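This report concerns only the one structure given below.
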């Protein structure tokens with residue numbers, strides 16, 4: 001399957017630079033997978049499409065102030081670190097901007113007592129950096145919210161790039177499908193008999209880097225840390241067995257749930273051959289581990305019945321995932337319709353509900 005199959009033209013005017021207020025005033029496109037039928041509403045109307053007994057599964061990750069200004073300690077050259085993933089108390093995987101440097105390069109910061117060193121070179125601008133002490137106590141002073149590179153407008157309130165149900169710190173980007181929910185909307189859904197369940201997936205490198213290989217099957221997706229605990233696995237399995245739908249809020253939740261289904265069957269999420277002939281549904285299992293599940297067309301979905309998602313970048317693994325869920329032709333038609341209807345794209349844009 002070719003990378004060019006997931007390319008599309010998107011003029012800058014469609015890329016949302018600021019979020020709408022209130023959160024649920026964004027637009028909502030619904031896509032029926034079986035018929036390809038589209039409808040156009042507002043996100044606040046989503047309760048009309050979710051039934052009593054369905055379970056809404058949300059990613060509780062919290063974005064950290066992961067963008068940090070720094071300098072080369074040896075030359076004074078300016079650089080920037082984007083914290084991607086914590087390895088242990090002092091080591092992190094990072095993206096380096098500016099003076100990228102080599103292994104052994106010392107790094108200085110604007111606060112006394114904090115230093116770092118590049119200890120390993122990875123692909124492209126990715127490095128492993130070791131700080132001389134835990135970085136977390138300094139993030140409030142040093143760090144900034146790591147908005148995606150296509151957003152050029154300053155965010156007045158950093159909490160607007162967090163979901164209202166965030167809990168666990170660790171992401172370099174927000175699970176943006178969840179940005180549309182308000183407390184009032186979640187309460188309405190709960191009062192309507194909709195179940196709520198939660199997982200955590202800390203979003204990392206693949207949010208920032210496009211797929212580059214022409215044959216997408218050769219793409220090596222980066223792993224991300226994910227958790228599904230016993231209580232939430234039980235809520236999901238009980239709802240499914242009772243006839244409810246599993247509705248994933250976002251691609252990160254979808255990745256977590258499908259990983260849980262594969263692990264339940266004894267499969268390896270990183271090995272397409274090991275999951276090729278698995279049964280279509282298994283109760284999800286609890287897990288706390290890295291997942292390197294890469295979902296693209298041809299994947300057999302095992303857990304997720306419906307998905308809330310935003311409109312994704314061309315040639316991105318996220319566009320490939322939703323194409324696997326709804327069909328490449330249907331997604332292509334929906335995206336062209338979204339442009340005709342002046343939908344807003346990407347992180348602060350409008351939403352799609354694939355049912």
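Before moving on, here are some points about what is shown:
- Search result, residues across segment 237-273 that are part of a helix (DSSP H, G or I) and crowded, with 24+ Cβ neighbours inside 10 Å: 251, 252, 253, 254, 255, 256, 257, 258, 259, 260, 261, 262
- No other residue among 326, 242 is at negative phi, at pLDDT 95 or above, touching a strand residue (DSSP E or B) at 6+ places or on another chain (Cβ under 8 Å) and assigned by TED's automatic domain parsing to the domain that holds residue 35 apart from 326.
- Scanning segment 96-145 for residues that are under 17 Å from residue 78 (Cβ atoms), within 27 Å of the chain's Cα centre (by Cα) and not in a strand (DSSP E or B) gives 100, 125, 142.
- Condition check for residue 35: without any contact (Cβ under 8 Å) to a residue 60 or more places away in the chain and assigned to a strand (DSSP E or B): no
- Any chance residue 282 is without any contact (Cβ under 8 Å) to a residue 60 or more places away in the chain and farther than 24 Å from residue 220 by Cα: yes
- Every residue from segment 149-163 that is assigned to a loop (DSSP other than H, G, I, E, B) and within 12 Å of residue 63 (Cα to Cα): 162, 163
- Subset of segment 127-140 [crowded, with 19+ Cβ neighbours inside 10 Å and more than 12 Å from residue 90 (Cα to Cα)]: 127
The values are calculated or read from the model by the stated rules, or taken from the named source; none is laboratory data. This structure is a prediction, so every number in the text was calculated from the model and none was measured. Here Cβ is always computed from backbone atoms with ideal geometry, including for glycine, and neighbour counts include all displayed protein chains.
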